[in-house]
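**Student:** Pasting a structure below so you can have a look.
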Amino acid sequence: MADICPKCGLPKEICVCDILDRETNRRIKVYTEKKKFRKFMTIVEGLTGEELDKTTKELKHVLACGGTSKNGVIELQGNHKNNVKKALLSMGYQEDVIEVS
Ligand SMILES: [Zn+2]
């Protein structure tokens, strides 16, 4: 039997209550870093646990790029600064917690 969220009544797999709850005291930072050989990496900071894994997978899919996550930091290959915010918004993150610098 699937776990049902007591808040919204949806199965936990598709419920975003946890994400919304955590929005209040969180910042998601998005910035780019130039790595060796002049390659850009797009860094997304501020996510943890299951959410980190889920979001990494989703971003790699949406942006069609390679990437990894560790220690609360997502590293995406290439410069996706302009698209990451849009992608995060479509995943249910709130605009005012996303800081693009
Ligand atoms: Zn819910």
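Bear in mind that the values in this text are calculations on the coordinates, not laboratory data. Note that this is a predicted model, so its numbers are computed, not measured. As a convention, Cβ positions derive from the backbone with ideal geometry for all residues, glycine included, and neighbour counts pool all protein chains shown.
**Student:** Select from 28, 44, 65 the residue farthest towards the positive end of the dipole of segment 26-100; place +1 on Cβ of Lys and Arg, -1 on Cβ of Asp and Glu, and compute about the Cα centre.
**Tutor:** Farthest towards the positive pole: 65.
**Student:** What three numbers, in Å, describe the spread of the alpha carbons of the chain along their principal axes, ordered from the longest?
**Tutor:** 50, 28, 23
**Student:** List the aspartates and glutamates whose Cα lies under 16 Å from the Cα of residue 35, skipping any in the same chain that are fewer than 8 positions away.
**Tutor:** 75
**Student:** A further question follows. Each label point is 7 Å from the Cα along the Cα-to-Cβ direction; what then is the distance between the points at residue 38 and residue 97, in nm?
**Tutor:** 3.8 nm
**Student:** Let me ask something else about it. Percent relative contact order of segment 26-100, based on C-alpha pairs within less than 8 angstrom and at least six residues apart?
**Tutor:** 37 percent
**Student:** How long is the gain from residue 54 to residue 73 if the chain were fully straight, where each residue apart is worth 0.36 nm and the alpha carbon distance is subtracted?
**Tutor:** Fully extending the segment from residue 54 to residue 73 adds 5.6 nm.
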